[in-house]
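All remarks here apply to the structure that follows.
A short reminder: the numbers here are calculations on the coordinates, not readings from a lab. Quick caveat, the model's predicted, so the values are computed rather than measured. In this analysis, Cβ positions are derived from the backbone assuming ideal geometry, glycine residues included, and neighbour counts consider all displayed protein chains.
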Amino acid sequence: MSSPAQGVPLIDQKVVQLFALVSEALSRATHALLSGDADLGQTVIDGDQSVDTLTSDVELLIWDELQERPVQGDELRYLVGLLLIIPELERSADLAEHVAQRAVDHLGAAMSPRSRGIVQLMTEVADEMWQQAADAFGNRVRVADRLATADEEMDILHGRLTQEVEAEQMPVATAAQVTLLARFYERLGDHAVNLARRIELLADSRP
């Protein structure tokens with residue numbers, strides 16, 4: 001049976017690892033897409049299993065804490081809050097995997113230079129948002145308002161990429177995939193904001 005001193009810090013450590021895995025997957029997936037590195041894209045896809053495994057490990061640790069001993073007050077709220085954070089991380093890793101799949105399919109080479117530039121801007125915004133979200137979890141700082149502002153920038157870039165698809169008159173198959181790509185990055189921004197807001201709630205109940 002674990003004690004509070006052992007269980008919660010171990011869970012926190014694994015959640016930090018999840019943040020790192022998602023951030024790395026996003027960065028590598030975009031690099032693979034824009035550089036045409038299909039092998040790197042496949043590596044990101046294969047690595048998603050590590051995220052799934054770690055997610056399951058964290059969830060099991062949390063449920064063990066809840067089942068093995070009485071958990072009340074701030075600690076109970078904290079553990080339940082973590083259960084709400086974990087799915088956001090897993091879904092974000094899946095989005096990075098979707099980007100990597102487009103790299104494997106050589107979508108980057110079919111995109112216009114302007115659309116590639118917009119995707120580069122989107123990934124820079126996303127990378128910064130995810131770094132701030134990860135730091136917020138580790139240091140319990142409040143960044144939700146800051147990330148909401150960055151998410152507005154992401155939404156603008158999403159609109160610009162969608163307009164570029166229409167203006168370039170891309171082949172239908174390519175246009176459909178670039179439109180999906182824009183949506184993936186927009187959702188990654190949304191998840192970062194959601195996580196920052198949940199982290200602020202965690203900060204108020206951390207045992």
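Over the chain, one equal point on each Cα, no solvent: what is log10 I(q)/I(0) by the Debye formula at q = 0.17 Å⁻¹?
Here the Debye-derived log intensity ratios amount to -1.05.
Compute, for the chain, the length of the dipole vector about the Cα centre, with Cβ point charges of +1 (Lys, Arg) and -1 (Asp, Glu) only. Units Debye, rounded to 20.
240 debye
Using the Karplus equation 6.51 cos²θ - 1.76 cosθ + 1.60 (θ = phi - 60°), what ³J(HN,Hα) coupling, rounded to whole Hz, does each residue of the stretch 172-179 give in order, writing x for Gly and Pro?
Using θ = phi - 60°, the values come out as 3, 5, 5, 4, 5, 6, 5, 4 Hz.
Given the Cα-Cα distance of Ala173 and Gln49 and 0.36 nm per residue of separation, how much length would full extension add, in nm?
Stretched fully, the Ala173-Gln49 segment lengthens by 41.8 nm.
Using just the helices of the chain, give the 222 nm mean residue ellipticity in deg cm²/dmol: DSSP H runs with n ≥ 4 each add -39,500 (n - 2.57), and the total is spread over all residues, rounded to 500.
-31500 deg cm²/dmol
Using only the Cα atoms of the stretch 77-157, what are the Rg and Dmax in Å?
Cα radius of gyration and Dmax of the stretch 77-157 are 15.3, 48 Å respectively.
Grab the Cα-Cα distance for Asn139 and Gln13, subtract it from 0.36 nm times how many residues apart they are, and report the gain in nm with one decimal.
44.1 nm
What is the Cα coordinate range of the stretch 110-203 on the first, second and third principal axes, sorted by size from largest, in whole angstrom?
Extents along the principal axes: 48, 17, 17 Å.
Return the long-range amide H neighbours of Gly36 (sequence gap of 5 or more, or a different chain), with a cut-off of under 5 Å between placed amide H atoms.
Hits under the 5 Å cutoff: none.
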